[in-house]
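Structure, as structure tokens:
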Amino acid sequence: MEVGEVTRINHPSIPTDWVVQTSPEMGSKVKVGSQVDLILSTGKVTVPDVTGSSLDDAKAKLEADDLGLKVQYTYEESSEAVDTVLEQSSGPNEDVEQGSTIQLTIARAAASSSPSPDESDESSESPSESPSPSAKED
């Protein structure tokens with residue numbers, strides 16, 4: 001048996017340069033001197049685009065068995081829907097090492113600003129009645 005073509009693919013758990021697959025398949029009978037093509041692991045996985053996804057969906061995709069990535073996240077005030085992924089540390093379709101941590105930036109509601117005293121007093125109060133100087137009784 002001789003080694004034929006060697007190619008590499010990403011795999012979430014098989015270490016770099018270990019055999020992922022062969023052609024013909026392992027266990028097949030081959031003639032003496034036949035070539036066996038090898039597919040080896042790169043030790044990496046390809047990061048999907050999770051921007052615009054909910055935090056729960058993004059975590060499910062990134063932590064799934066076919067990727068095996070870890071997720072950390074921080075929150076940032078945004079006008080986007082709460083818990084929406086705004087940014088990710090590794091770009092879409094970027095290859096990263098198995099088990100890498102992907103940092104996500106997640107939308108949270110913008111802090112409501114308290115109205116200034118001038119704005120709140122004038123708009124929310126009903127006019128008060130004050131006695132007029134000419135209406136005094138003697």
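For the range 85-102: of the residues being more than 8 Å from the chain's Cα centre (by Cα) and of a type in the set (A, V, I, L, M, F, W, C), which is most open to solvent (accessible area, probe 1.4 Å)?
Here the answer is 86.
Take the residues in the range 37-72 that are in contact with a helix residue (DSSP H, G or I) (Cβ under 8 Å, 6 or more places away or on another chain) and buried (at least 16 other Cβ atoms within 10 Å of the Cβ), then tell me which one is modelled with the lowest pLDDT.
Among residues in the range 37-72 that are in contact with a helix residue (DSSP H, G or I) (Cβ under 8 Å, 6 or more places away or on another chain) and buried (at least 16 other Cβ atoms within 10 Å of the Cβ), the one modelled with the lowest pLDDT is 67.
Please go through (1) in contact with a Leu (Cβ under 6 Å, 6 or more places away or on another chain); (2) without any contact (Cβ under 8 Å) to a residue 60 or more places away in the chain for residue 12 and return the number of the only condition it doesn't satisfy.
Checking residue 12 against (1) in contact with a Leu (Cβ under 6 Å, 6 or more places away or on another chain); (2) without any contact (Cβ under 8 Å) to a residue 60 or more places away in the chain, the one that fails is (2).
Give the range 17-36 a look and list any residue that's under 24 Å from residue 98 (Cα atoms) and either open to solvent by less than 70 Å² (accessible area, probe 1.4 Å) or among the aromatic types (Phe, Trp, Tyr) (or both), or say none.
18, 19, 20, 22 - these are the residues of the range 17-36 that are under 24 Å from residue 98 (Cα atoms) and either open to solvent by less than 70 Å² (accessible area, probe 1.4 Å) or among the aromatic types (Phe, Trp, Tyr) (or both).
How many residues does the range 1-16 contain that are touching a Ser or Thr at 6+ places or on another chain (Cβ under 8 Å), assigned to a loop (DSSP other than H, G, I, E, B) and either basic (Lys, Arg) or surrounded by 15 or more Cβ atoms within 10 Å (Cβ to Cβ) (or both)?
Qualifying residue count, the range 1-16: 3.
From the list 70, 61, which one is among the charged types (D, E, K, R), touching a strand residue (DSSP E or B) at 6+ places or on another chain (Cβ under 8 Å), without any contact (Cβ under 8 Å) to a residue 60 or more places away in the chain and closer than 25 Å to residue 14 by Cβ?
That would be 70, the only listed residue that is among the charged types (D, E, K, R), touching a strand residue (DSSP E or B) at 6+ places or on another chain (Cβ under 8 Å), without any contact (Cβ under 8 Å) to a residue 60 or more places away in the chain and closer than 25 Å to residue 14 by Cβ.
The values are calculated or read from the model by the stated rules, or taken from the named source; none is laboratory data. Because the structure is a prediction, the values reported are computed rather than measured. Every residue, glycine among them, receives a Cβ derived from its backbone with ideal geometry; neighbour counts consider all protein chains shown. These accessible areas exclude ligands, DNA and RNA; they are computed on the full protein's heavy atoms, side chains included. Shrake-Rupley method; radii C 1.70, N 1.55, O 1.52, S 1.80 Å.
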